[in-house]
Amino acid sequence: MNQKTISHTVEFEGIGVHSGEHSRILLHPERAGTGVRFLVKGQYIPANYRYVLGTDHATVLGKDGASVSTVEHLLAVLYILGVDNLTVEFLKGKEVPILDGSGYHFYKVIKDITLDLGIEAQTLELRNSLEVRNCRAYIRAEPSDGFCALYRGYVKGILEEGSAEYCGNAKEVVFARTFCYEEEVELLRKKGLAKGGSLKNAVVIGDGFVHNPEGLRSKDEPIRHKLLDLLGDLSLLGMKLKGRIFSYLGGHALNYAFVKSLAESSLSTRATSSCVSTP
């Protein structure tokens, strides 16, 4: 697989789901070997696990005092489309706009402007299994001829257990919106999060129902969104991945731990365990 960029600069703007601030970003083409990076207030921040600052209900990256947040949906779309050389410049704000809460609007625009750079992309091929655990949750990776990622979990009061798999079909995941449970909203606001959240950009789940008048886009939409988040966080490895990934109840914190372990290990069979939150 070759490295890719985009053919021309494109713009997205909207509210930041956690900051509540208006955000405007430009996506610029870059030459092979540049990688994906963010530009805010004159500071470049690589889209790489080494620059993760936080994983509380979003992935936050930072370097030398500058930071950007909620990068996972855009990064997931870039990963799905194979775009690995691009600069995301912030003209306003420092949180990637949430748009409708999914990756759809990013995907709709970017899919038609990808540009093959004719230089082979770097790929990490799994040769051994790897597992990272976090209490009940875990992520496991196994060797495979290609790349597939599967997420399994549940949605309280909606879905006892469900699973979703991505093996190259963007339509399996890009439509799925971010979500939260009704009882979480107040706590999120107290933590300074979800200031820009609304039924226009997030699914709010009550006791056996959703507050959004249009309902869910699929019965397992929250599961598919978790898979979208996983893909975005996996992109922080900084290279293509050849292997099969299985996540059970994983969230941003565990995704980060997995990517870090994957990158830093010798790819021999390994398991780690801790009990931290997995939003």
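A few comments on the model shown:
- Complete set of residues in region 114-135 that are under 15 Å from VAL36 (Cβ atoms) and of a type in the set (A, V, I, L, M): LEU115, LEU117, ALA121
Yes/no matrix, rows are residues, columns are (1) touching a residue at least 60 places away in the same chain (Cβ under 8 Å); (2) over 26 Å from SER23 (Cα atoms):
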| site | (1), (2) |
| --- | --- |
| VAL155 | yes, yes |
| LEU159 | yes, yes |
| ALA164 | yes, yes |
| ALA170 | yes, no |
| VAL174 | yes, no |
| LEU187 | no, no |
| LEU193 | yes, no |
| GLY196 | yes, no |
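- Selection count, region 243-259, where residues are over 11 Å from ALA149 (Cβ atoms) and either modelled with pLDDT under 95 or of a type in the set (Ser, Thr, Tyr) (or both): 2
- Checking each residue in region 36-53 for being under 25 Å from LYS191 (Cβ atoms) and either assigned by TED's automatic domain parsing to the domain that holds PHE258 or over 13 Å from the mean Cα position of the chain (by Cα) (or both) picks out PHE38, VAL40, LYS41, ILE45, TYR51, LEU53.
- Comparison of GLU186, GLU161 shows that the only residue that is more than 21 Å from the chain's Cα centre (by Cα) and over 16 Å from LEU249 (Cα atoms) is GLU186.
- Test: ILE158 is within 19 Å of LEU228 (Cβ to Cβ), at pLDDT below 95 and not assigned by TED's automatic domain parsing to the domain that holds HIS22: yes
- Residue list for region 228-251, filter: over 17 Å from GLY82 (Cα atoms) and buried (at least 24 other Cβ atoms within 10 Å of the Cβ): ILE245, SER247, GLY250
- Within region 131-170, being in contact with a Cys (Cβ under 6 Å, 6 or more places away or on another chain) and hydroxyl-bearing (Ser, Thr, Tyr) holds for no residue.
Here is a yes/no grid of residues against (1) of a type outside the set (Gly, Ala, Ser); (2) surrounded by fewer than 22 Cβ atoms within 10 Å (Cβ to Cβ); (3) over 30 Å from ARG31 (Cβ atoms); (4) out of contact with any strand residue (DSSP E or B) (no Cβ under 7 Å at 6 or more places or on another chain):
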residue	(1), (2), (3), (4)
LYS94	yes, yes, no, no
ASP112	yes, yes, no, yes
GLY118	no, yes, no, no
ARG136	yes, yes, yes, yes
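- For region 76-118, the candidate set comprises residues that are within 13 Å of the chain's Cα centre (by Cα) and in a loop (DSSP other than H, G, I, E, B); within that set, the residue that is farthest from GLU214 (Cα to Cα) is VAL96.
- Test set (1) under 30 Å from GLU214 (Cβ atoms); (2) in contact with a Gly (Cβ under 7 Å, 6 or more places away or on another chain) - TYR51 fails condition number: (1)
- Flag for ALA58 being more than 20 Å from LEU115 (Cβ to Cβ), out of contact with any helix residue (DSSP H, G or I) (no Cβ under 9 Å at 6 or more places or on another chain) and aliphatic (A, V, I, L, M): no
- Set side by side, the residues GLU165, GLU142, GLU182 differ, and just one is at pLDDT 95 or above, of a type outside the set (A, V, I, L, M), in contact with a strand residue (DSSP E or B) (Cβ under 9 Å, 6 or more places away or on another chain) and under 20 Å from ALA76 (Cα atoms), which is GLU165.
The values are calculated or read from the model by the stated rules, or taken from the named source; none is laboratory data. Given the structure is predicted, the values throughout are model-derived calculations rather than measurements. Virtual Cβ from ideal backbone geometry, glycine too; neighbours counted across all protein chains shown.
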